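Any read-out appearing in this document is the output of simple, stated calculations on the displayed coordinates, not a laboratory observation. Please read all numbers here as calculations on a predicted model, not as lab measurements. Ideal geometry is used to build each Cβ from the backbone, glycine not excepted, and the neighbour counts take in all protein chains shown.
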Amino acid sequence: MGPGWVPLNPAANFNPELYAKLARGEKVTLPNQGVEIIHHVHADDVAQLFVKALQNWNAAVGESFNAVSPAALTLRGYAEAVAAWFGKRADLSFEPFETWRTGVSEKDAAASLGHLEHSPNCYSIAKAQRLVDYQPRYSSLQAVREAVTWLIDHGTIQI
């Protein structure tokens, strides 16, 4: 992700309206209990990992690396952080996924299900740090904030 992309939102889909609701302090319903884990990674950090692997090809040959943020976020914590950027407190409620999905588009429900089912709590950058000196410049929240700010500035998200 980065400027120009809608980042995965706290409901684990790509609907930019969720950011606007959090910015306005409106009630937001998240699937399940909001404890699923997601990682955001900035496009610059993905590119950095490729470059580091090429620069350190002797260490990288035959290896696979995870291009994820240094630390994952829960959906709930993510929603709370986004609301705080706008001086709001997140007004959150939670519903079991099968109930929650009836209130969103099929596209959003499908995207959320895919991310929730694969909640990436086991991904780590430790091997990339150790073998090729990968050091992401962005945390998950820094990457998201940059993207959301760009989307607001360009009219995709209206608060």
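Identify the trypsin sites (Lys or Arg not before Pro) of the stretch 102-156 meeting these criteria: DSSP loop state and at most 16 other C-beta atoms within 10 Å of the C-beta. Intermediate values should be presented prior to the final figure.
Details: sites: Lys107, Lys127, Arg130, Arg137, Arg145; in loops: Arg137.
Here the trypsin sites (Lys or Arg not before Pro) that fit, given the DSSP loop and packing criteria, are Arg137.
Using only side-chain charges placed at the Cβ, +1 for Lys and Arg and -1 for Asp and Glu, the dipole size of the stretch 71-139 relative to its Cα centre rounds to 360 debye. Could you give log10 I(q)/I(0) at q = 0.22, 0.27, 0.29, 0.30 Å⁻¹ for the stretch 67-116, computed by the Debye formula over C-alpha point scatterers of equal weight, without solvent? Ignoring solvent entirely, the Cα scatterers give -0.98, -1.06, -1.07, -1.08. Once the convex hull of all Cα atoms in the chain is built, its volume per residue stands at 109 Å³. Among the lysines of the chain, pairs at least eight places apart or on separate chains and with Cα atoms under 27 Å apart come to 5.
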